[in-house]
Structures are given as structure tokens and as C-alpha cells.
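K.L.:
Can you read through this structure? Questions will come right after.
The values are calculated or read from the model by the stated rules, or taken from the named source; none is laboratory data. Every value quoted in this text rests on a predicted model; they were computed, and no experiment measured them. Please note: Cβ atoms are built from the backbone with ideal geometry, for glycine as well, and neighbour counts cover all protein chains shown.
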Amino acid sequence: MAQKLNILFITADQWRGECLSARGHEMVKTPNLDALAADGVLFQRHYANAVPCGPSRASLHTGMYLQNHRSGTNGTPLDARHTNWAKEAGRLGYDPVLFGYTDTSQDPREEDPESPWLLTYEGPLPGIRPVAMMGTWPTPWTDWLAANGYDVPADIRYAYGERAPGPEYEDGAAVPRPLIYPKEVDDTNFLTNQVIGYIGASEKPFIAHLSLLRPHPPFVAPEPFNAMYDPAAVPGFARKESHEAEAAQHPWLEHQLGRKLFRAPADEKKLRRLKAVYYGLMSEVDEALGRLFAFLKESGRWDNTLIIFTSDHGEQMGDHWLLGKCGYFDASYHIPLIIRDPRRAADGARGSVVTRFTENVDIMPTMLDLIGAEIPVQCDGASLRPFLEGREPETWRKEAHWEFDFRDPADDSAEKRLGLTLHQCTMNIIRDEKYKYVHFTKLPPLLFDLEKDPDEFVNVATDPAYLPVMLDYAQRLLSWRMNHDEQTLTHIALTDDGPVERRAARY
């Protein structure tokens, strides 16, 4: 009998899709991920289905669109009735383990009223066993630091961004200030070491989810990664001449640019420093993963381990004068995906690049398919197995789809500023190779001609010449949503002979 497949499922947080040297990025160096792509498959048009972290990871871990799992913001509970890849793998005898975080807001109906998981959106995915759980509170790491003689801030949440003394780059320093801790002991390498230790001690087939914080803020990198990229030389920013000029595109964007948290700084040197450090954090993740991959080879596990590398979402990094992840721009949703399938059936596809549109909802079906588990009806995505085996699926999506729910039960400023109710703070996006259409519940739509305007500056929604395109894409979006309505029981009919079940493909 063939040995059960191991899975190493890696997410790096807030990683833009083009930021791989395997993709030809003009600056970022990722040799270990490039090597993984050369021995696997690189998915060039891969997209997150939601932002921020909680909603995106809900889609990633359940295979469901936001319209169905309904965990729309950080802190919106994920309905306990939905299954996920960890629960399904557990039914086959695996012990799925977590290093990092899944940002799963627990269903309060399933929790004791005194449960600590009701005080945070950073709960663990049901069905996964946390081994080294880290999020806002990096307790395993900071406890280890303290035990090994390193100073830890009184509020351990600030350990991620604890800078060495001295001036910052925009204040005259030659390079960005580094993290106070050496790279060997920072959060990225700590978690990587924890995974290596766990796998090394594992005698059974494993499924390990390594969820790294970086390159997510705070944008502070240890030496030498703080100085790896020259801030003066980083690529420029896709933006108009000012915040005000950018904000004129749409009322929602004007609102977003009015929020300090999301508005990129006007100080050019500071913004360039952030971008250089962002790149440096990526290269550090790449180096740490290189150690992990080398360990799998040295320990004899490489040829029986499925490796998935992706992200929860992207990062605006100054484009359109925004920071973080939000809204409808590609920079917030286009993310990397590399899958290295060790099976012989995948040998013919090694080093290939897939240009079809893929999404994070495809990850769960892919993992389950390759370990021989049934793919639950709830999944809106589909297995990527055909691409991994060098085959073109008979049917596949022609567009990418995502959603952004900008409601905030604790803050009604968006509602007041935009004249909306809580339930109208939503947008849906559909994009293909030529156009992107953005539909708001109760705000004007947007349409971008991506062939003429790849940076999404010109809204042509009101241009009479584009009215047929507007109608076409509005209808496509409506059909997309109708085709992906929640379907858990819709394939079953109760008859005189009992329940009759017939499943069908989405596409």
C-alpha cells in the first residue's frame, strides 16, 4: 500500500503576487521559492477571495466564498456548521497541526460564555491542533526569547516591531532600522524551527500548517534584511499626483483615503523605506523556507510531501495612496501560489506556469483530492489536480471573483459618510484578462479597461462607449453569484424511496 501523503501548507501574510523572482520581479529575490516553482507548478493568476485576514482565511480554509461562509470582517464568527480541510483530513486519521494562526472567529453558539475565544478574532480553525499558536500575542516566541536571555517588551504584542536604537532612514540613517533581535531568533525563524522540530519527531504522516506573519506589518526586518534593498531604488508607486486626485475616483475610495490607518504617508522617503523593508521580509521568509525545504530533503520526506505556498491577501504598499489591504484593487487580492506535488503523476508538469484564473477557494479541494478525501459539497472552489498533472481541465473559470465587506459593527463612520446601512457596506468584484467590474450594494459601480488601464486609474462605467461592456459584466457577476449560492442540501431530494442525492460540478 502506498504511503500516505504528507502536507506542508504554508501561508505568508500580505504577500503581493508579483513579488517573486520566479515571476521576473525587478528587485525581490526569492531563490528558494523559485526552486520550489521549478520543481512544482507556479500559478500566475491566483487571487484571494476576500480581505482582511479573517474573511480571507475563512475562504482559504473552508473552500467557500464570503457570500456563503459570511465571516465578513475580522471578528465575524465563522458558522460552526461549515467544515474545513482540517476536519476532513482528521476523518482520514491525520492530526492537522498549526504553527502560527488561522484568524478564525469562533461561533459563540458553540462556546462557553466564559470562553477566551469570545474575546478575540484570532481563534484556531476547528479541527486543527495548535502546536505553536501565535498572532497578536506571540507568547510561544516571547517566552522562548525570555528563557534564552533576550529582553522582551512588557507588552509582548510589540515584540514583532522592536527596533534597534538609532535614527530611522527618513531621518538620515543610511538604511532602515533593524529589528532588535537577530534573524536566527526572530518570529519567522522561530516558527520555522518549531515546524522542523515537529516534523523531525513525527513518525506518522503529517499535515502541518505553517502560517507566518511576514511580510505583514510592522515593517521591521532583522539584519541583514533591513538593508537588503535600497529604499531609493525600489520601484515607484502606481498612484495619481495626490490623495485628493486619487479620491475623486469613487466615494468609497474618498472615504478610505480619509482614514489614517489606510492612507499612505506623504513622506516619500518613509514610504520607500516601508517598501524596501517589505521586500526584505519576503527574502527572509524565503531564506527560512529554504532551511525547511532542505530539512525535508535531508530527512527523506521531500518525495512524499505536498507543499503549498500562498498568502491570505496582498498589500497596497502605496499604490493608489493606500496601505494595507482593502477595496477592489488587484494589489490587495493578487497573491502567489506555488504547489509542489511529489507524486510521479506530477512529473510532467514540473516547472510549468498556469495562466488560468485560480483562487484561494481551490486550496481545500486540492488538498483533500490528493489525500483521497471526498470534497464537501460546500466548496465553491475546485481541485487544481489537473494542472499539477499537466492536464487542462475540461471546464474552468474564465474570471476571478472576490468580495469586500467594509461594515464595522463597532464603527458606523462609513455608513454616515456614504449614506449606507450596515448591510449595504459591501462590494463584489469580477475581473478577467480585459475588464474589471466592481459592484456596490448602494454606491455607483466601477469599470476598468485593464488592457488600456492596467493600473486601474480610469473608471469608464459612465462612458457611453462602454455601456454594452457594463451590462455584460453586471450580468456575469449576477450569474456568478447565482451559480455559487450556498448549496449544502440543494443536491438532495426526499422521495418515496428515501433521500436521493446527485452532485454536480460548478462549471
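K.L.:
Out of the residues in segment 425-446 meeting the condition of being touching an Asp or Glu at 6+ places or on another chain (Cβ under 8 Å) and either at pLDDT below 95 or not in a loop (DSSP other than H, G, I, E, B) (or both), tell me which one is farthest from W396 (Cα to Cα).
P.N.:
Within segment 425-446, the match that is farthest from W396 (Cα to Cα) is T426.
K.L.:
If I ask for residues that are among the hydroxyl-bearing types (S, T, Y), more than 20 Å from A505 (Cβ to Cβ) and surrounded by fewer than 17 Cβ atoms within 10 Å (Cβ to Cβ), which ones from segment 467-490 would you list? Step through it out loud before you land on a result.
P.N.:
Just the residues of segment 467-490 that are among the hydroxyl-bearing types (S, T, Y), to begin with: 473, 479, 488, 490.
Now narrow it down to the ones that are more than 20 Å from A505 (Cβ to Cβ): 473.
Within segment 467-490, no residue meets the criteria.
K.L.:
Still on this structure: Restricting to segment 459-495, what's the tally of residues that are assigned to a loop (DSSP other than H, G, I, E, B), more than 27 Å from the chain's Cα centre (by Cα) and either of a type in the set (V, I, T) or modelled with pLDDT under 95 (or both)?
P.N.:
Taking segment 459-495 as the starting set, the residues that turn out to be assigned to a loop (DSSP other than H, G, I, E, B) are 459-463, 484-491.
If we keep only those that are more than 27 Å from the chain's Cα centre (by Cα) as well, we get 460-463, 489-491.
Now narrow it down to the ones that are either of a type in the set (V, I, T) or modelled with pLDDT under 95 (or both): 460, 462, 489-491.
Counting residues in segment 459-495 that are assigned to a loop (DSSP other than H, G, I, E, B), more than 27 Å from the chain's Cα centre (by Cα) and either of a type in the set (V, I, T) or modelled with pLDDT under 95 (or both) gives 5.
K.L.:
Yes or no: A238 out of contact with any strand residue (DSSP E or B) (no Cβ under 7 Å at 6 or more places or on another chain), part of a loop (DSSP other than H, G, I, E, B) and modelled with pLDDT of 95 or more? Please lay out each step first, then the result.
P.N.:
Numbers: out of contact with any strand residue (DSSP E or B) (no Cβ under 7 Å at 6 or more places or on another chain): yes; part of a loop (DSSP other than H, G, I, E, B): yes; modelled with pLDDT of 95 or more: yes.
So A238 fits the description; yes.
K.L.:
Also, I was wondering about something else. For residues that are out of contact with any strand residue (DSSP E or B) (no Cβ under 8 Å at 6 or more places or on another chain), charged (D, E, K, R) and either within 21 Å of I338 (Cα to Cα) or in a strand (DSSP E or B) (or both), tally how many sit in segment 382-424.
P.N.:
4
K.L.:
Moving to a separate point now. Considering only residues that are more than 30 Å from R91 (Cα to Cα), assigned to a loop (DSSP other than H, G, I, E, B) and of a type outside the set (A, V, I, L, M, F, W, C), which ones fall in segment 194-228?
P.N.:
First pass over segment 194-228, keeping only residues more than 30 Å from R91 (Cα to Cα): 214-228.
Checking the rest, the ones that are also assigned to a loop (DSSP other than H, G, I, E, B) come to 214-224, 228.
Passing the criteria: R214, P215, H216, P217, P218, P222, E223, P224.
K.L.:
Among the residues in segment 346-365, are any part of a strand (DSSP E or B) and acidic (D, E)?
P.N.:
Quick first cut of segment 346-365, residues part of a strand (DSSP E or B) only: 352-359.
Checking which are acidic (D, E) leaves us with 359.
Checked against the condition, which is being part of a strand (DSSP E or B) and acidic (D, E), segment 346-365 yields at least one hit.
K.L.:
Note down all Cβ pairs under 8 Å where the first residue falls in segment 296-309 and is without any contact (Cβ under 8 Å) to a residue 60 or more places away in the chain and under 21 Å from H46 (Cβ atoms), the second is basic (K, R) and buried (at least 17 other Cβ atoms within 10 Å of the Cβ), and they're at least six residues apart or on different chains.
P.N.:
Close Cβ pairs satisfying both conditions: none exist.
K.L.:
Hey, can you tell me all the residues within segment 169-178 that are surrounded by 12 or more Cβ atoms within 10 Å (Cβ to Cβ) and without any contact (Cβ under 8 Å) to a residue 12 or more places away in the chain? Outline the logic, then answer.
P.N.:
Keep residues of segment 169-178 that are surrounded by 12 or more Cβ atoms within 10 Å (Cβ to Cβ), which gives 169-170, 173, 175-178.
Hit for segment 169-178 is A173, nothing else.
K.L.:
Do you know which of the residues in segment 192-205 that are in contact with a helix residue (DSSP H, G or I) (Cβ under 9 Å, 6 or more places away or on another chain) and either hydrophobic (A, V, I, L, M, F, W, C) or under 15 Å from F99 (Cα atoms) (or both) is surrounded by the most Cβ atoms within 10 Å (Cβ to Cβ)? Even if it seems obvious, please write down each step before you answer.
P.N.:
First, the residues of segment 192-205 that are in contact with a helix residue (DSSP H, G or I) (Cβ under 9 Å, 6 or more places away or on another chain): 192-196, 199-200, 205.
Those left that are additionally either hydrophobic (A, V, I, L, M, F, W, C) or under 15 Å from F99 (Cα atoms) (or both): 192-196, 199-200.
Values: T192: 22, N193: 19, Q194: 21, V195: 24, I196: 17, I199: 19, G200: 11.
Residue satisfying both the conditions and the ranking: V195.
K.L.:
Out of the residues in segment 228-265 that are surrounded by 15 or more Cβ atoms within 10 Å (Cβ to Cβ) and aliphatic (A, V, I, L, M), which is nearest to P444 (Cα to Cα)?
P.N.:
L253
Conditions (1) surrounded by fewer than 21 Cβ atoms within 10 Å (Cβ to Cβ); (2) free of Cβ contacts under 8 Å to residues at least 40 places away in the same chain; (3) touching a helix residue (DSSP H, G or I) at 6+ places or on another chain (Cβ under 6 Å), marked per residue:
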{"residue": "P113", "(1), (2), (3)": "yes, yes, no"}
{"residue": "G123", "(1), (2), (3)": "no, yes, yes"}
{"residue": "W141", "(1), (2), (3)": "no, no, yes"}
{"residue": "A147", "(1), (2), (3)": "yes, yes, no"}
{"residue": "G161", "(1), (2), (3)": "yes, no, no"}
{"residue": "P167", "(1), (2), (3)": "yes, yes, no"}
{"residue": "F190", "(1), (2), (3)": "no, no, yes"}
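K.L.:
Separate question: Assess whether Q249 counts as being among the polar types (S, T, N, Q), assigned to a loop (DSSP other than H, G, I, E, B), within 30 Å of M427 (Cα to Cα) and touching a residue at least 60 places away in the same chain (Cβ under 8 Å).
P.N.:
Details: among the polar types (S, T, N, Q): yes; assigned to a loop (DSSP other than H, G, I, E, B): yes; within 30 Å of M427 (Cα to Cα): yes; touching a residue at least 60 places away in the same chain (Cβ under 8 Å): yes.
It is true that Q249 is among the polar types (S, T, N, Q), assigned to a loop (DSSP other than H, G, I, E, B), within 30 Å of M427 (Cα to Cα) and touching a residue at least 60 places away in the same chain (Cβ under 8 Å).
K.L.:
Further question: Does segment 149-158 contain at least one residue that is buried (at least 22 other Cβ atoms within 10 Å of the Cβ), hydrophobic (A, V, I, L, M, F, W, C) and modelled with pLDDT of 95 or more? Talk me through it step by step, then tell me what you get.
P.N.:
Taking segment 149-158 first, the residues buried (at least 22 other Cβ atoms within 10 Å of the Cβ) are none.
Looking through segment 149-158, none of the residues is buried (at least 22 other Cβ atoms within 10 Å of the Cβ), hydrophobic (A, V, I, L, M, F, W, C) and modelled with pLDDT of 95 or more.
K.L.:
Is one or more of the residues making up segment 124-131 part of a strand (DSSP E or B), under 30 Å from F206 (Cα atoms), among the hydrophobic types (A, V, I, L, M, F, W, C) and touching a strand residue (DSSP E or B) at 6+ places or on another chain (Cβ under 6 Å)?
P.N.:
yes
K.L.:
Related question: I'm checking my understanding of the structure. Among residues of segment 370-390 that are of a type outside the set (A, V, I, L, M) and surrounded by fewer than 18 Cβ atoms within 10 Å (Cβ to Cβ), which one is nearest to the chain's Cα centre (by Cα)?
P.N.:
Residues of segment 370-390 that are of a type outside the set (A, V, I, L, M), as a first pass: 372, 374, 376, 378-381, 383, 385-387, 389-390.
Then keep just the ones that are surrounded by fewer than 18 Cβ atoms within 10 Å (Cβ to Cβ); that gives 372, 374, 386, 389-390.
Values: G372: 25, E374: 24, P386: 23, E389: 24, G390: 25 Å.
Once the filter is applied, the top-ranked residue is P386.
One line per residue, one yes/no per condition, for (1) closer than 22 Å to A132 by Cα; (2) in contact with a strand residue (DSSP E or B) (Cβ under 8 Å, 6 or more places away or on another chain):
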{"position": "Q44", "(1), (2)": "no, yes"}
{"position": "A50", "(1), (2)": "no, yes"}
{"position": "R57", "(1), (2)": "yes, yes"}
{"position": "H61", "(1), (2)": "yes, yes"}
{"position": "Y65", "(1), (2)": "no, yes"}
{"position": "P77", "(1), (2)": "no, no"}
{"position": "A80", "(1), (2)": "no, no"}
{"position": "T83", "(1), (2)": "no, no"}
{"position": "G90", "(1), (2)": "yes, no"}
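K.L.:
I would also like to ask the following. State yes or no: is A331 part of a helix (DSSP H, G or I) and surrounded by fewer than 19 Cβ atoms within 10 Å (Cβ to Cβ)?
P.N.:
On the way: part of a helix (DSSP H, G or I): yes; surrounded by fewer than 19 Cβ atoms within 10 Å (Cβ to Cβ): no.
So A331 does not fit the description; no.
K.L.:
Among S71, S105, which is the only one that is polar (S, T, N, Q), without any contact (Cβ under 8 Å) to a residue 60 or more places away in the chain and surrounded by 24 or more Cβ atoms within 10 Å (Cβ to Cβ)? Quick ask: steps written out before the conclusion?
P.N.:
On the way: S105 fails: surrounded by 24 or more Cβ atoms within 10 Å (Cβ to Cβ).
Exactly one of S71, S105 is polar (S, T, N, Q), without any contact (Cβ under 8 Å) to a residue 60 or more places away in the chain and surrounded by 24 or more Cβ atoms within 10 Å (Cβ to Cβ), namely S71.
K.L.:
In addition: For segment 33-53, enumerate the residues that are basic (K, R) and either surrounded by 21 or more Cβ atoms within 10 Å (Cβ to Cβ) or under 9 Å from the mean Cα position of the chain (by Cα) (or both).
P.N.:
none
K.L.:
Among the numbered conditions (1) at pLDDT below 95; (2) charged (D, E, K, R); (3) farther than 23 Å from H491 by Cα; (4) more than 21 Å from the chain's Cα centre (by Cα), tell me where E394 comes up short.
P.N.:
(3)
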